[in-house]
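We did not get these values from a lab; they are worked out from the coordinates using the rules stated. These numbers were taken from a predicted model, which means no experiment stands behind them. Reconstructed Cβ throughout: ideal geometry from the backbone, glycine too, with neighbour counts over all protein chains shown.
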Amino acid sequence: MVNANGGLNQQRVAICNAVAVASLLNATLVLPRFLYSNVWKDPSQFGDIYQEECFVKTLEDDIEIVKELPPALRFLNIEAIGSQITDADLDKEAKPVDYIRTVLPLLLKNGVVHFLGFGNRLGFDPLPFHLQVKEETYFTEVL
Ligand SMILES: *[C@@H]1O[C@H](CO)[C@@H](O)[C@H](O)[C@H]1NC(C)=O
């Protein structure tokens, strides 16, 4: 799960990165959500701006995307089980190996991780080509 922060452009980048991270970790992505920003004061959610069905369909060969958490995970207190990840847990400039070391064990243990205030820039940094392609698929071909 990802709650992207910042303005629309930052959120767009965060979504690209979330796709790359989901792919890296072989994780299912829950449709991204946006954190409300007191700077931008825009209450829009992902579905207000992007075509959800198209997003899911375009990326279906790369990652699985679901609308919400499956029932078994929905009522977990994600913060209490240690699966909430903020900038304090993972550097904005974290590399793929950092996700494998820090995030993957939590994902395997709890079945879910929640990036809160996700604004990481994985997609900008040198990254294996197969991961770059995935995150660009949606935004370059569709939008
Ligand atoms: C993800 O799946 C691929 C292909 O099955 C595998 O090579 C890779 O090690 C997996 N990565 C993780 C983080 O489990």
| Net charge of neighbours whose Cβ lies under 9 Å from the Cβ of F46, counting Lys and Arg as +1 and Asp and Glu as -1 | -1
| said: Sequence gap at least 6, Cα distance under 8 Å: using those rules, report the relative contact order of segment 26-86 to the nearest whole percent. | reply: 41 percent
| task | Take the Cα radius of gyration of segment 27-126 and divide it by 2.2 N^0.38 Å, with N its residue count; two decimals is plenty. | result | 1.15
